[in-house]
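The block underneath contains the structure these notes are about, expressed in structure tokens.
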Amino acid sequence: MPLTKYKRVISNSSPLMNLAIIEQQADLILLDETDARNVADLYNLSKTGVIGIVTRAKRHHLIREVTPLFNALKTQANFWIQPRLYEAILKHMKELP
């Protein structure tokens, strides 16, 4: 689903921001912190994280491959992804056999 579908997209880096997000009636919240995701679940809010953004970008032909972007995130931003999940994503994105 393209991000243009959403009227308002808010990025949240702190669970304490959830009240403001609810009050502003955001359509999508960009989250990666477990606590923030749990609160979003309590309010049935749509959410996505880095993995969702990267895979969505490939599906919408905004990037050619996810592998270089994930590698850069891992080496430059200390992004961690479970190895089995990473492999599954690469297979799903047809970047691994």
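Side notes on the structure shown:
- Qualifying residue in the stretch 62-74 (condition: among the aromatic types (Phe, Trp, Tyr) and part of a loop (DSSP other than H, G, I, E, B)): no
- The stretch 25-45: number of residues that are part of a loop (DSSP other than H, G, I, E, B) and either modelled with pLDDT of 95 or more or loosely packed, with under 13 Cβ neighbours inside 10 Å (or both): 3
- Residue 72 falls short on exactly one of the conditions (1) among the small types (Gly, Ala, Ser); (2) at pLDDT 75 or above; (3) in contact with an Asp or Glu (Cβ under 8 Å, 6 or more places away or on another chain), and that condition is (3).
The values are calculated or read from the model by the stated rules, or taken from the named source; none is laboratory data. Treat the numbers as computed from the prediction; the structure is a model and nothing was measured. Methodologically, a virtual Cβ is constructed for each residue, glycine included, from the backbone with ideal geometry; neighbour enumeration extends over all protein chains shown.
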